[in-house]
Amino acid sequence: MKKFLLFVPVLLLWACQSQPGQGSFPAESAIFGLKSPIQLKYQDQNVLEMRDFFPDPSGLDSVSCPDGLKCTLTADKETLVVTRTGQPALLSVFTFWYQKSPYTVLSRWPDKVDHTFTLADPEHQYSQVQVKGSFNGWNPSNTVLKFENGAWTASAQFDPGTYQFLFVADGVEMRDPLSTDSVPNGFGNWNTQLRIMPSVEGTPVHLFTSRIENGQIIVGMEGQEKELFVLWENHRLEGKYLRRQKGGEIMISLPDQAKTMPRSTLRVYALSEAGISNDLFIPLENGQPYKQITQVKRQDKHSQILYFLLVDRFLNGDPGNDAPLQDKRVFPRANYHGGDLAGVIKQIDIGFFSDLGVNTIWLSPISQNPLSAYQEFPEPRRWYSGYHGYWPISSSKVDTRFGTSDELKTLIEKAHQKKMNVVLDFVSNHVHQEHPLYQKHPEYATQLNLPDGRKNIRLWDEYRLTTWFDTFLPSLDFANPEVLELQSDSALFWAQNYELDGFRHDATKHIPTPFWRTLTRKLRNEVMIPQNRPFYQVGETFGSRELIGDYVGPGLMDGQFDFNLYFDARNAFANKTSSLNDLSRSLQESMNWYGSHSLMANITGNHDLARFMSLASGDLRWDEDDKEAGWQREIGVTDLNAYYRLRQLTAFIMTIPGVPVIYYGDEFGMPGAGDPDNRRPMLWDTDLDNDQYWLKNETRRLVNLRGFHLPLIYGDFQLLESSDSSLVYARTWFDECVVVAFNKSEKEEVIRFELPERFAGVQFLSNFKGDAMVNGRNVAARISPLGIEVFLGKK
């Protein structure tokens, strides 16, 4: 009894402090959609656009700023100027008071670490030394070293993570001679790898969904937090909504409004001395967490499984619209093959996508492209058609070789009937020179001829926001307000006239963020709000995680393709000498950057990259030009172990947080070098050999595991074991646990690991012929050579 009385005052003190937001919340939210944390820049001043949060910011009363920051709201309430006055916490909150009601948006402050680059030069043989890398846009002029005491040095600040770089000494690129940590750059050479550790030591708090008790949600915690952040929709829950339980668990009560809402969301974060925890994302139906997979709807963005198809190379459903270029300068692989929207419709009808288990079709661009061939400017100056769809000469017309407007509407309607989404690839960055926009307004284009005499062609990082893809593809100048309005209206046209469920945005990093803000606001105000239509926007950016993240967040995109994680996964599974430890670190870096439940897209490959199969089989070397290899020789599959390696990659993207994406043909292991060899015509079941058919069935099993198990969609992620040849992690959702194991070795291995304590003694069901001996928390899992296992367990 004495113990009970001593405990109660502590419980009440923790639970009943007076905090903002304890009362009821507005019946109708002033914010549309969930707002992800604001990633502030490590600088004296940040500027936030209020329309990224509120469609109508005029109702803003005031803003409460985190400690270490000062907030100044402009008189028109359009902009919030955030000034650094001290040391902000790594995770904190902005409270926006709107018509006397509080709204909470989390903010993250960068954890910067100093690093010094050093290149010894005792004889002072170099006159200039620079550094180019993933952290400075691969632009050596951004990081110039100074010579002193026999060495060249430069200091820079980094977020924790892994980076690639090269020294540039008098114009000659070289790796760091003092480092043995190198990775292939994908262009036939190697880069030095730099690893930056966090400024704080220790293991951050780990959060997990524990159970539901008398209608209350119990969240478990491993470790001790300094501050807990619980958000229902965009409102922070404190005071009466939270109760500390025995063992550090948190009992969360929801506002009454949650019980009347068919869909709402609970999110949980924690901050400790060791940094920011993982986050929890808990979808609710009438105030209760999802318990059955049938509660998940196709509109739930986290449940998406994308299938990316190149329309021209997929299926010829209507030979009547075929019109390949009659030009001998264009090789067949660079010409039209006859695929069209009718072919996609046929595959929807016969159940190809449903059978595979995917629920979102990503179509390559389908707007009208030119009717003649064009020659690329760089050597070897080959001729191409616009079969891929990325050379628009119209912003509103469906390409006649792909079909008609009515066929696109039919495709979308049939997909929706089968509970599938349709995402359209849209090109905003450039037009073809035949496009009326450029014909009438050549001044809308960026500069092609540079002052130094070079052509501004494919200078991806040096002239990121102005470079052209080719001389006949003028990039548009988005600093011009007319261009910004016209191009955002063009994208809006497709969303308004067709029941699309999202866009894949081409060349995202080559367009400044004001354009993406403008487009997102138009989509929100003209499509999402009036039609109550969720709309997924995912971008394409090759670059650092910081650059990729600059285009994701409130008012911007839902996610981007996580190319950094893909390259590390490709290297880990396809390269025999690489380590799964590196992949484990890369995955953690991505979750640290984008969150544990982000909508970043994880790919098996795409139309710009050499096929995974050809690298894994050794038919394509890591150190060669993959594009030229495809033109010079036939690329096949000589090492059949590549099928097992691709299965591992597919298992990985299907079981980690994020949105998985299958590139057409990867489900059965299509080979191919770089573009255009990676865009071969689709093969169907009657065309597949035994190994390809086996892999397709394995892919189907993995896709369906993802689609039918809540832990793999919404569960937390916890690393259980990692080594050079093995990787084991768990995803848990209340009383369900999925354990995923990889054996990279070419021999059978017994992998030993410990289960999360709450699942000690639970027996697991194997899905891929592995077996697990469970003794309390200790598990010994027998995994086949180059094997995977997905164990399912339930308390």
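Residue 400 meets the conditions (1) closer than 20 Å to residue 503 by Cβ; (2) part of a loop (DSSP other than H, G, I, E, B) in every case but one. The failed one is (1). Comparison of 605, 618, 669, 636 shows that the only residue that is surrounded by fewer than 23 Cβ atoms within 10 Å (Cβ to Cβ) and at positive phi is 618. Has segment 459-468 got any residue that is over 30 Å from residue 355 (Cβ atoms) and of a type in the set (Lys, Arg)? Yes: segment 459-468 contains one or more residues that are over 30 Å from residue 355 (Cβ atoms) and of a type in the set (Lys, Arg). From the list 754, 746, the lone residue that is in contact with a Pro (Cβ under 8 Å, 6 or more places away or on another chain) and open to solvent by 40 Å² or more (accessible area, probe 1.4 Å) is 746.
Within segment 637-668, take every residue that is in a loop (DSSP other than H, G, I, E, B) and under 23 Å from the mean Cα position of the chain (by Cα) and give me the one that is nearest to residue 596 (Cα to Cα). Break it down stepwise before answering.
Initially, segment 637-668 is screened for residues in a loop (DSSP other than H, G, I, E, B), giving 637-640, 656-658, 664-668.
Adding the requirement that they be under 23 Å from the mean Cα position of the chain (by Cα) leaves 656-658, 664-667.
Working: 656: 9, 657: 6, 658: 8, 664: 27, 665: 29, 666: 26, 667: 26 Å.
Among them, the one singled out is 657.
Looking at 416, 432, just one residue is open to solvent by 10 Å² or more (accessible area, probe 1.4 Å) and either farther than 18 Å from residue 378 by Cβ or assigned to a loop (DSSP other than H, G, I, E, B) (or both), and that residue is 416. Remark: pairs (first residue in segment 608-636, assigned to a loop (DSSP other than H, G, I, E, B); second residue open to solvent by 50 Å² or more (accessible area, probe 1.4 Å) and modelled with pLDDT of 95 or more; Cβ separation under 7 Å; 6+ apart in sequence or on different chains) = 617/638; 618/638; 619/638. Got at least one residue in segment 611-624 being within 19 Å of the chain's Cα centre (by Cα) and within 21 Å of residue 662 (Cα to Cα)? Yes: one or more hits.
Checked against (1) at pLDDT 95 or above; (2) open to solvent by 10 Å² or more (accessible area, probe 1.4 Å); (3) within 28 Å of residue 503 (Cβ to Cβ), residue 249 passes all but condition (3). One residue stands out in segment 757-773 among those that are under 29 Å from residue 700 (Cβ atoms) and in contact with a Phe, Trp or Tyr (Cβ under 8 Å, 6 or more places away or on another chain): the one that is most open to solvent (accessible area, probe 1.4 Å), namely 765.
A search for C-beta distances below 8 Å between a residue of segment 681-698 that is without any contact (Cβ under 8 Å) to a residue 40 or more places away in the chain and acidic (Asp, Glu) and any residue that is part of a helix (DSSP H, G or I) and open to solvent by less than 30 Å² (accessible area, probe 1.4 Å), counting only pairs 6+ apart in sequence or on different chains, returns 685/696. List the pairs whose first member sits in segment 440-468 and is at positive phi, whose second member is among the polar types (S, T, N, Q), and whose Cβ atoms are under 8 Å apart, counting only residues at least 6 apart or on separate chains? Qualifying pairs under 8 Å: 458/467. With respect to (1) out of contact with any strand residue (DSSP E or B) (no Cβ under 7 Å at 6 or more places or on another chain); (2) more than 30 Å from residue 239 (Cβ to Cβ); (3) open to solvent by 10 Å² or more (accessible area, probe 1.4 Å), the lone exception for residue 298 is condition (1). If the condition is being modelled with pLDDT of 95 or more and either open to solvent by less than 30 Å² (accessible area, probe 1.4 Å) or closer than 30 Å to residue 25 by Cβ (or both), then segment 137-147 contributes 143, 145.
Take the residues in segment 352-376 that are more than 27 Å from the chain's Cα centre (by Cα) and without any contact (Cβ under 8 Å) to a residue 60 or more places away in the chain; name whichever of them is surrounded by the most Cβ atoms within 10 Å (Cβ to Cβ). Among those residues, the one meeting the criterion is 368. Residues that are in a loop (DSSP other than H, G, I, E, B) and either at positive phi or open to solvent by 60 Å² or more (accessible area, probe 1.4 Å) (or both) within segment 169-189 comprise 170, 171, 175, 177, 178, 180, 186, 187, 188, 189, listed in sequence order.
What are the residues in segment 774-795 that are outside any strand (DSSP E or B), open to solvent by 10 Å² or more (accessible area, probe 1.4 Å) and of a type outside the set (Ser, Thr, Tyr), if any? Explain how you work it out, then say what you get.
First pass over segment 774-795, keeping only residues outside any strand (DSSP E or B): 776-777, 784-787, 795.
Narrowing the set further to residues that are open to solvent by 10 Å² or more (accessible area, probe 1.4 Å) leaves 776-777, 784-785, 795.
Matches in segment 774-795: 776, 777, 785, 795.
Residues that are open to solvent by less than 20 Å² (accessible area, probe 1.4 Å), touching a residue at least 40 places away in the same chain (Cβ under 8 Å) and not hydrophobic (A, V, I, L, M, F, W, C) within segment 389-409 comprise 389, 392, 401, 403, listed in sequence order.
Residues that are touching a residue at least 40 places away in the same chain (Cβ under 8 Å), among the acidic types (Asp, Glu) and not in a helix (DSSP H, G or I) do not occur anywhere in segment 246-261.
Taking segment 37-64 as the search range and keeping residues that are open to solvent by 70 Å² or more (accessible area, probe 1.4 Å) and polar (S, T, N, Q), which one is nearest to residue 594 (Cα to Cα)? Spell out how you get there, then give the answer.
Taking segment 37-64 as the starting set, the residues that turn out to be open to solvent by 70 Å² or more (accessible area, probe 1.4 Å) are 39, 42-45, 47, 51, 56, 58, 61.
So of that shortlist, the ones also polar (S, T, N, Q) come out as 39, 43, 45, 58.
Numbers: 39: 9, 43: 20, 45: 22, 58: 30 Å.
Per the stated criteria, the residue is 39.
Segment 79-136 holds strands (runs of 3 or more DSSP E) entirely within its bounds, and those carrying 1 or more residues that are surrounded by 15 or more Cβ atoms within 10 Å (Cβ to Cβ) and in contact with a Phe, Trp or Tyr (Cβ under 6 Å, 6 or more places away or on another chain) map to 91-98, 101-108, 113-120, 129-133.
Taking segment 718-732 as the range and being surrounded by 22 or more Cβ atoms within 10 Å (Cβ to Cβ), touching a Pro at 6+ places or on another chain (Cβ under 7 Å) and touching a residue at least 40 places away in the same chain (Cβ under 8 Å) as the test, the residues that pass are 731, 732. Of all residues in segment 148-168, those satisfying the criterion of being over 30 Å from residue 276 (Cα atoms) and open to solvent by 70 Å² or more (accessible area, probe 1.4 Å) are 148, 149.
Tell me the residue from 307, 269, 290 that is farther than 27 Å from residue 407 by Cα, aromatic (Phe, Trp, Tyr) and open to solvent by less than 10 Å² (accessible area, probe 1.4 Å), please. Steps first, answer last, please.
Values: 307 fails: farther than 27 Å from residue 407 by Cα; 269 fails: open to solvent by less than 10 Å² (accessible area, probe 1.4 Å).
Only one candidate qualifies: 290.
Remark: pairs (first residue in segment 490-515, under 19 Å from residue 562 (Cβ atoms); second residue open to solvent by 10 Å² or more (accessible area, probe 1.4 Å) and among the small types (Gly, Ala, Ser); Cβ separation under 7 Å; 6+ apart in sequence or on different chains) = 509/543.
Report yes if some residue within segment 439-458 is within 22 Å of residue 327 (Cα to Cα), open to solvent by 70 Å² or more (accessible area, probe 1.4 Å) and over 27 Å from the mean Cα position of the chain (by Cα); otherwise report no. No, the conditions are met nowhere in segment 439-458.
The values are calculated or read from the model by the stated rules, or taken from the named source; none is laboratory data. Only a predicted model underlies this, so the values are computations on that prediction, with no experimental measurement involved. Positions of Cβ are generated from backbone atoms using ideal geometry, with glycine treated the same way; all protein chains shown enter the neighbour counts. Surface areas here come from the heavy atoms of the whole protein model, side chains and all, with no ligands, DNA or RNA. Shrake-Rupley method; radii C 1.70, N 1.55, O 1.52, S 1.80 Å.
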